[in-house]
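What follows is a short report on a single structure.
The numbers here are math on the coordinates, done by the rules we state, and not lab data. What you see is a predicted model; the values in this text were computed from it and never measured. We place every Cβ from the backbone using ideal geometry, glycine too, and count neighbours over all the protein chains shown.
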Amino acid sequence: MQSIRRNAHPRPDRVRKNWQTLNGPWQFRFDWHNEGKKQRWYAKPAFDLTIEVPFAYQAALSGIAEKKHCDVIWYAREITIPDAMRNQRILLHFGAVDYQADVWLNGQYLGGHEGGYTPFTFDLTDLTEAGERCMLTVRCEDRLDQDQPRGKQSWRPEPFACWYTPVSGIWQSVWLEGVGAYYPTDFRLTPCIESGSLKAEITLNELPQNGSVRLTASFDGKTVAQQEVAVLSDRLIRAELFLSYDNSTEGIRMWTPERPDLYDLTIEATVDGQVCDRVDTYFGMRRIAIEGGRIILNGSTLYQRLVLDQGYWPDGLLTAPDDEALKRDIELTKAMGFNGVRKHQKFEDPQFLYWADHLGLLVWGELPSAYWLRDSEKRNLMRDLSEAIRRDYNHPALIAWVPLNESWGVPFIQYQKEAQRLADALYALVHSLDGTRFVSGNDGWEQANTDVVTVHDYTAWPEQLSPHYADPESILQQGVGTKTVTAQGYDHTGKPMLITEYGGIAMAKDAGGDNWGYNGAAQDEESFLRRYDAITQAFKRMPFFCGYCYTQLTDVFQEVNGLMDMQRNPKADIEKIREINLK
């Protein structure tokens, strides 16, 4: 049997016993003339190619590696419902499909989903049963439209500047899951460190008779809280677990990058006292706040040493080659002395966030940009951001949301009211759905509503830095370079400030032709480290900055300004990079 590269549980933050991966070989076909639906390909698929899911057809690991763009593509595979799921409800999950998906089972339409970075699910229970062989068919439409959230995917037929090969179709895991007749469709966990408690909101699929939801929290295998709530007249169940005092200074275990302590949590749906469904998850006790121009983690000032991480792979594009690779990226990031990443223009695979939670890495989540300001762009951005918040709300490592970057998709936001209102709507949307994190409204410059002031500056050497860095008021009023930091009509006085893009230094051996970095290339490792040290310390010495984000972790195709190449080989001694970051 052929081995499957992506075979770990796709959602290790919410695990049930009965599940089965559907990653691996699928039938595949290009629909160059968009005729498949009319010809009913979904009824009896007989496709001419084989693709390795979950890799996009443009990626080498897909087995196809076709770079010519095709708007419409089809997938099909035969599945057998596992016998272990007998007498359970059967769910079909897609981690992410770019951009629009339609799904059929045995020729019967299940439904569709629009948005290339967020998950969706279908209930197969009434259409099949354990042991039955079924044909699953998926049609994906991914046009080079600028109103859909694309992130760093080129909207041209070819990569250019800092935009790369598009990713079409299935690019995250597909799997089956067996659940109980009554089960949590979603749950939302909010830590409250002041009271030493966890607030839980659990949504059930149905209202059971004589039903309840039982929550059990533990640490190192020892139960620290338990509560059972009867299901009465509402599918939304609310509970608050007060954690037992553990004799530590705070009385509870806190989550920090230095000590990422996590509690285990079991959620059980019961009927007549019998467990109907069980899901295993975890949570971290941490609080992010902004006070007096500082960012506060668990009551202490947080200085962020971030690195820009675009999450691209040479042979998998947006999809990591295997599960261990995501973990390894975090280990390398921490080994270089960074305590966090700004995940740039990508909602990352949930497995990355799982390892960030467990290994202790701060994460900024960023909405992939669209590039054409019109009503469809606004709706698409709001939809994708809402779905990502729902998916990622429970991760303690995630501390910030970035709805816009460098005015992409809103090029005249400095003075255009329509663009400013979109930025403000996205800012308000985040805070209405997630009050536990801060927001960088338009990261880099021309900021409308925002919780933090962020600056992008790729100046090469300290002596070339703008005189406006003398004080924060000068930055807010005058800006840096050709861009103003504050959009017209806004006042960001007293807010925390961070330099969230700088550096971008390429090595001479990598640069040239279409390959590029910022402000000329370093000739060797010694000159690279000297330049990296000089500009990093210059920003660290500015007392009004409460963190920085270096560009970037790895090379990304023609953008060769990473601390590592795309194969994750460091370009300079990791210990020396760490020393510079920890000075």
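Relative contact order (percent) for segment 235-324, with alpha-carbon contacts under 8 angstrom and 6 or more residues of separation?
Computed over segment 235-324, the figure is 15 percent.
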For T125 and T80, calculate 0.36 nm times their separation in residues minus their Cα-Cα distance, and state this gained length in nm to one decimal.
14.9 nm
Could you pull out the trypsin sites (Lys or Arg not before Pro) across segment 371-456 that fall in loop regions by DSSP (anything but H, G, I, E, B) with no more than 14 other Cβ atoms inside 10 Å?
R374
How about segment 480-533: which trypsin sites (Lys or Arg not before Pro) there lie in a loop by DSSP and see at most 15 other Cβ atoms within 10 Å?
K509
FRET efficiency, F544 to K44 (Cβ-Cβ, R0 51 Å, nearest 0.05):
0.20
In segment 92-153, which GluC sites (Glu not before Pro) fall in coil by DSSP and have 13 or fewer other Cβ atoms within 10 Å?
E132
Taking neighbour Cβ counts within 10 Å as the exposure measure, how do D145, D471 sort from fewest upward?
D471, D145
What value, in deg cm²/dmol to 500, does the helix sum -39500 (n - 2.57) over DSSP H runs of n ≥ 4 give at 222 nm once divided by the residues of the chain?
-5000 deg cm²/dmol
If the cut-off is a Cα-Cα distance under 25 Å, which lysines reach K540, setting aside same-chain residues fewer than 8 apart in sequence?
K334, K343, K483, K495, K571, K576, K583
What net charge is computed for the residues neighbouring I237, neighbours being all others with C-beta under 14 Å from the C-beta of I237, Lys and Arg scored +1, Asp and Glu -1?
-3
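Quote the relative contact order of segment 296-582 in percent (integer), defining contacts as alpha-carbon pairs under 8 Å separated by 6+ residues.
19
Can you put M507, M566 in order, fewest other beta carbons within 10 Å first?
On the way: M507 21, M566 16.
Least crowded to most crowded, the residues run M566, M507.
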May I ask for the net charge around Q552, where only other residues with Cβ less than 10 Å from the Cβ of Q552 are counted and Lys, Arg are +1 while Asp, Glu are -1?
-3
Order of V341, V224 from fewest to most other C-beta atoms within 10 Å?
V224, V341
